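The values are calculated or read from the model by the stated rules, or taken from the named source; none is laboratory data. All of these numbers come straight from a predicted model, not from anything done at the bench. A quick note on method: Cβ atoms are made from the backbone with ideal geometry, for glycine too, and the neighbour counts reach across all protein chains shown. Calculation scope for accessible area: heavy atoms of the full protein, side chains included, ligands and nucleic acids excluded. Shrake-Rupley method; radii C 1.70, N 1.55, O 1.52, S 1.80 Å.
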Amino acid sequence: MFRKKRFYLFVFTVVISVVLASCSNDRIRSEASTDGEEITLKFAHEEGQGDVQDLYANKFKEVIEEKTNGRIKVDVYTGGTLGTSIDILHSLQTGAIELAITSPGFSGDVIPESQIMSIPFLFSDNLEVNKKVLQESEALNGLLADKYEEIGIIPFHFWLEGFMYWTANQEITAPEDMNGTKMRTMPTNLIIRSYEHLGATPTTTDSGEIYTMLQTNGIDGQENPLFYIVNGNFLEVQDYLMDTKHHIYTTVTVTNQEFFEGLAKEDQQIIEEAIDEVNDWSFDMQEEEAEKALEKAKEDDIEIIELTSEQREAFEELSLPIREVYGEESNDAKAIIEMLEKEIKEAEADLAE
Ligand code: 6CS
């Protein structure tokens, strides 16, 4: 029965993709070749209304529709409306949608090297350092970007949604506290391995089910940026909020290569300018969203615990072997992590001056 259901779901996804692709690309390609024509971009993301990705996509809509007096229009699709995060990645690959925000937490199977973004304690506990690295890194914007282009996807920017926090029904400030804890994670293999390494029992529940699974003790805890925890009402069903800075939530804005390169040069330039503008704006936006969420968390009766640097070090120590696991993914992966570790150290030194 399950096999039949999966088969029908697969057929459904393929049919939808083909229908959407056939009507969208032909129309766009024909119009794009006649400069100045109307273009409508389908822009899908993974989050709910008012979440960081939604604010980003709607800011892009506002900027590009203003720049083109509405000649280039954007239809924003919130998380779940066009399927799961993995469905969005596939729809972008087939050209059924033109733009998307897709998190490396879901693309590990399709682009194994993207799991670099899932290694705990690799990025800095200083957001300005991470901002600089995400913008200037050759490892990410060169080597890793090439891996996206190998499968027909152009990554415009890797950007930040904020520091990750743990929530749980017990205090987690030492590795032994993690033992046997059912931690919900995104489905990328390296995230699962890193929690197994910490002694937890990782559970890859779909994002839409986190609240219910926490409420029914199907899972004990989870990791996410603070805005997502507060907007998802996870505080209602958890007793502890751990400020760990064990990781940053990064995501990437992408487009379908064939579609983008089929556009008139002028339109490519306008889209890139708008994405750059929104990307710069997004860093302050995510900081504001984090501050707002922290205020709400402080008003809540959840216990907020900020880990000391000693406590963080104990987890960091335990997580180090995960870097080797990543390096074994491919020669490119090895090159990416070696270069990125160097870039993060240099950025920390630059900003420490
Ligand atoms: O944890 C998740 O699955 C979700 N978290 C964020 C911050 N964005 C989307 C993702 O699906």
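Some notes on this structure:
- Spatial offset of the stretch 310-343 relative to the stretch 38-69 amounts to 34 Å, using the alpha carbon center of each.
- GNM remark for the chain: springs join alpha carbons under 10 Å apart, and the peak mean-square fluctuation among ASN141, ASN331, ASN169 falls on ASN331.
- In the context of the full protein assembly, ARG312 retains an accessible surface of approximately 40 Å², using a probe radius of 1.4 Å and ignoring ligands and nucleic acids.
- Using a Gaussian network model of the chain in which every pair of alpha carbons under 10 angstrom is joined by a spring, one finds that among PRO112, PRO321, PRO104 the greatest mean-square fluctuation is at PRO321.
- Subset of LYS67/LYS132; LYS132/LYS345; LYS132/LYS298; LYS245/LYS345; LYS182/LYS334 violating a 21 Å alpha-carbon distance limit: LYS67/LYS132; LYS132/LYS298; LYS182/LYS334
- What the Cα convex hull of the stretch 155-305 gives, in volume per residue, is 112 Å³.
- Measuring between their Cα centroids, the stretch 280-303 and the stretch 168-208 lie 23 Å from each other.
- The heavy atoms of TRP281 present about 80 square angstrom of accessible area, all protein chains included, probe 1.4 Å.
- Computed label-point distance, nm, for sites GLU266 and ASP75 using a 7 Å Cα→Cβ extension: 2.5 nm
- Kirkwood-based Rg to Rh ratio, the chain, C-alpha trace: 0.97
- The chain - accessible surface per residue (Å², probe 1.4 Å): 45 Å²
- Taking a straight Cα-Cα cut-off under 16 Å and skipping sequence neighbours fewer than 8 places away in the same chain, the lysines within cross-link reach of LYS73 are LYS42, LYS59, LYS61.
- Estimated purely from DSSP H runs of n ≥ 4, each contributing -39500 (n - 2.57), the mean residue ellipticity at 222 nm for the chain is -16000 deg cm²/dmol once divided by its residues.
- Candidates GLY79, GLY105, GLY218: whichever shows maximal mean-square fluctuation once the chain is modelled as a Gaussian network with Cα springs under 10 Å: GLY218
- Here each label is just a point 7 Å from Cα along the line to Cβ, and for VAL110 and GLU288 those points are 3.0 nm apart.
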